[in-house]
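Enquirer: Please see the structure below; I have some questions.
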Amino acid sequence: MNPEKEEHSDGRDGESKDTVIEESSDIEINEIDLAMQEVEKYKDLAHRTAAELENLKKRSLQEREEIRKYGQSQLIIKLLGVLDDFNRAMDIIPDEAVVTGWKDGLDLVKRGMDNLLAAEGLSHIDALGKPFEPAEHEAVSFETVDGQDPGRVLSVIREGYKLNDRVLRAAQVTVSKAT
């Protein structure tokens, strides 16, 4: 064997081993970089998903609270029609037309209904003499009145109500207009 050949072949083998090691370490570094990018991508996805879940929980709680506060609104709207009729009937009963105590009993029933609805969050919209407010009032007619500021509620045709500070039924009103 020729010693020069052995050295020469050893040198080549060393170079090719270094090249192979460099190539394999470059591949491993690229794979690590790709894996790290994928890890970051999934971390970001996990954070976003957690935030979406938290927002969903908050929205769900808010919707549940809204349902609790306003879920009975359709029933109360139906009851308001009956309450209007009852109030009109009570207003036209002459005192001399009924037996003593009978009208007092009806007044007691009316107060009981008013208290029950108030306990559920229903409140009356005070409109008479106030400036016209489109969010709370529905103008049914307009009248010109001397000495009256335009845009004032002159009379209430149908009472308005709020349920937990949300207008349930606007008050129907007559409004003053400019001359």
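Read-outs: derived from the displayed coordinates by stated rules, not from any lab. Values in this document were obtained by computation on a predicted structure and should not be read as measured data. Note that we place each Cβ from the backbone using ideal geometry, even for glycine, and neighbour counts take in every protein chain shown.
Enquirer: Please work out which one of (1) loosely packed, with under 10 Cβ neighbours inside 10 Å; (2) within 17 Å of VAL156 (Cα to Cα); (3) within 30 Å of the chain's Cα centre (by Cα) is the condition LEU83 fails and give its number.
Expert: (1)
Enquirer: Being in contact (Cβ under 8 Å) with a residue 12 or more places away in the chain, more than 19 Å from LEU75 (Cα to Cα) and not basic (Lys, Arg) narrows it down to one residue among LEU117, LEU163, LEU154, LEU122; which is it?
Expert: LEU154
Enquirer: So how many residues does the range 86-110 have that are within 17 Å of GLU159 (Cβ to Cβ), aliphatic (A, V, I, L, M) and either in contact with a Phe, Trp or Tyr (Cβ under 9 Å, 6 or more places away or on another chain) or loosely packed, with under 10 Cβ neighbours inside 10 Å (or both)?
Expert: Of the residues in the range 86-110, 1 are within 17 Å of GLU159 (Cβ to Cβ), aliphatic (A, V, I, L, M) and either in contact with a Phe, Trp or Tyr (Cβ under 9 Å, 6 or more places away or on another chain) or loosely packed, with under 10 Cβ neighbours inside 10 Å (or both).
Enquirer: Tally the residues that are charged (D, E, K, R) and within 14 Å of ALA171 (Cβ to Cβ), restricting the search to the range 81-109.
Expert: Going through the range 81-109 one residue at a time, the tally reaches 1.
This table checks each residue for (1) assigned to a helix (DSSP H, G or I); (2) more than 33 Å from the chain's Cα centre (by Cα); (3) closer than 23 Å to ALA170 by Cα.
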{"residue": "VAL39", "(1), (2), (3)": "yes, yes, no"}
{"residue": "GLN62", "(1), (2), (3)": "yes, no, no"}
{"residue": "ARG68", "(1), (2), (3)": "yes, no, yes"}
{"residue": "ARG111", "(1), (2), (3)": "yes, no, yes"}
{"residue": "ASP146", "(1), (2), (3)": "no, yes, no"}
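Enquirer: If you don't mind, there's one more thing I want to ask. What's the total number of residues in the range 124-155 that are of a type in the set (Gly, Ala, Ser) and surrounded by fewer than 14 Cβ atoms within 10 Å (Cβ to Cβ)?
Expert: The number of residues fulfilling the criteria is 4.
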